[in-house]
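Q: Could you have a look at this structure, given as structure tokens, before my questions?
The values are calculated or read from the model by the stated rules, or taken from the named source; none is laboratory data. All figures in this text were calculated on a predicted structure; none of them were measured in a lab. No Cβ is skipped: glycine too gets one built from the backbone with ideal geometry, and neighbour counts run over all protein chains shown. For the accessible areas, the whole protein counts, side chains as well, though only heavy atoms, and no ligand, DNA or RNA atoms are used. Shrake-Rupley method; radii C 1.70, N 1.55, O 1.52, S 1.80 Å.
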Amino acid sequence: MLKRREIFSIFTSKNKKEILILPPYNNDRSLFDKICKECNQACKEACKVSSKIYQEGIIWQKDGKPYIDFTTRGCTLCQECAKACEYDVLKVQEEPNWNIKFSIDVLKCLSHQKTMCFTCKDVCQSITGKKNVIAFVGMFYPKIEKDCIGCGFCVSACPTYAITWSER
Ligand code: SF4
Ligand code: SF4
Ligand code: SF4
Ligand code: SF4
């Protein structure tokens, strides 16, 4: 049987070119290509270990490079991946500095099609404690605002896979 992350990639890959989401807490993205191939992927293991209440971490590996998979859950911004990186590709710092930003695909979003749905907003509020990171116009038309911290928890929560991302 297909795992949730495999099903998710089928839905998403049809509609957007693949963007490798890099682990947070990086400042120089060229280092992922220069250094990570030679490393034992300590960030991946640290993410797994930090995910005590989940079954697996969200850092995976492709062509020797670590990447984030938001299919099953989001990033808790725990910084454990940055603490584990011995090569300063990831560094403990205040801001995660994601290489992507999130938005909502209006064609896939139930609420943009006039069916009530607040799932992403509820999840976002439970993570950020803020009401307005995903802003609605009345009951409909949600939009992700600039206060988004990039945690990605809304991605797996959305029933129609409408949360999408692009490079920033
Ligand atoms: S621990 Fe650091 S150097 Fe190693 S794969 Fe992860 S980001 Fe790259
Ligand atoms: S900050 Fe924590 S949850 Fe997020 S990728 Fe790093 S180790 Fe994983
Ligand atoms: S959870 Fe998905 S379908 Fe529901 S309002 Fe948010 S983006 Fe739209
Ligand atoms: S990625 Fe942004 S919009 Fe989605 S739950 Fe996290 S803070 Fe909210």
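Q: I need the full set of residues from the stretch 111-135 which are of a type in the set (A, V, I, L, M, F, W, C) and either surrounded by fewer than 17 Cβ atoms within 10 Å (Cβ to Cβ) or in a helix (DSSP H, G or I) (or both), in order please.
A: If the condition is that a residue be of a type in the set (A, V, I, L, M, F, W, C) and either surrounded by fewer than 17 Cβ atoms within 10 Å (Cβ to Cβ) or in a helix (DSSP H, G or I) (or both), then Met116, Phe118, Cys120, Val123, Cys124, Ile127, Ala135 are the ones that fit.
Q: Counting only residues that are within 14 Å of ligand 1 (Cβ to nearest atom) and either surrounded by 15 or more Cβ atoms within 10 Å (Cβ to Cβ) or in a helix (DSSP H, G or I) (or both), how many does the stretch 76-90 have?
A: Going through the stretch 76-90 one residue at a time, the tally reaches 9.
Q: Where the second residue is within 16 Å of ligand 1 (Cβ to nearest atom) and not in a strand (DSSP E or B) and the first is closer than 20 Å to Asn99 by Cα and of a type in the set (Asp, Glu) and lies in the stretch 154-167, which pairs have Cβ atoms under 7 Å and are six or more apart or on separate chains?
A: As it stands, the answer is Glu167/Asn99, since those pairs meet every condition given.
Q: When the residues of the stretch 20-53 are narrowed to those that are near ligand 2 (Cβ under 9 Å from one of its atoms) and either assigned to a loop (DSSP other than H, G, I, E, B) or among the acidic types (Asp, Glu) (or both), which ends up surrounded by the fewest Cβ atoms within 10 Å (Cβ to Cβ)?
A: Applying the filter and picking the extreme gives Ser51.
Q: Could you tell me whether Tyr141 is part of a strand (DSSP E or B), open to solvent by 40 Å² or more (accessible area, probe 1.4 Å), in contact with a helix residue (DSSP H, G or I) (Cβ under 9 Å, 6 or more places away or on another chain) and more than 11 Å from ligand 4 (Cβ to nearest atom)?
A: The answer is yes for Tyr141.
Q: Restricting the search to the stretch 144-168, which residues are assigned to a strand (DSSP E or B), closer than 20 Å to Pro23 by Cα and either in contact with a His (Cβ under 7 Å, 6 or more places away or on another chain) or not aromatic (Phe, Trp, Tyr) (or both)?
A: Of everything in the stretch 144-168, those that are assigned to a strand (DSSP E or B), closer than 20 Å to Pro23 by Cα and either in contact with a His (Cβ under 7 Å, 6 or more places away or on another chain) or not aromatic (Phe, Trp, Tyr) (or both) turn out to be Ile163, Thr164, Ser166, Glu167.
Q: Moving to a separate point now. Which one of Gly129, Gly64 is of a type in the set (Gly, Ala, Ser) and modelled with pLDDT under 95?
A: On the way: Gly129 fails: modelled with pLDDT under 95.
Residue meeting the stated conditions: Gly64.
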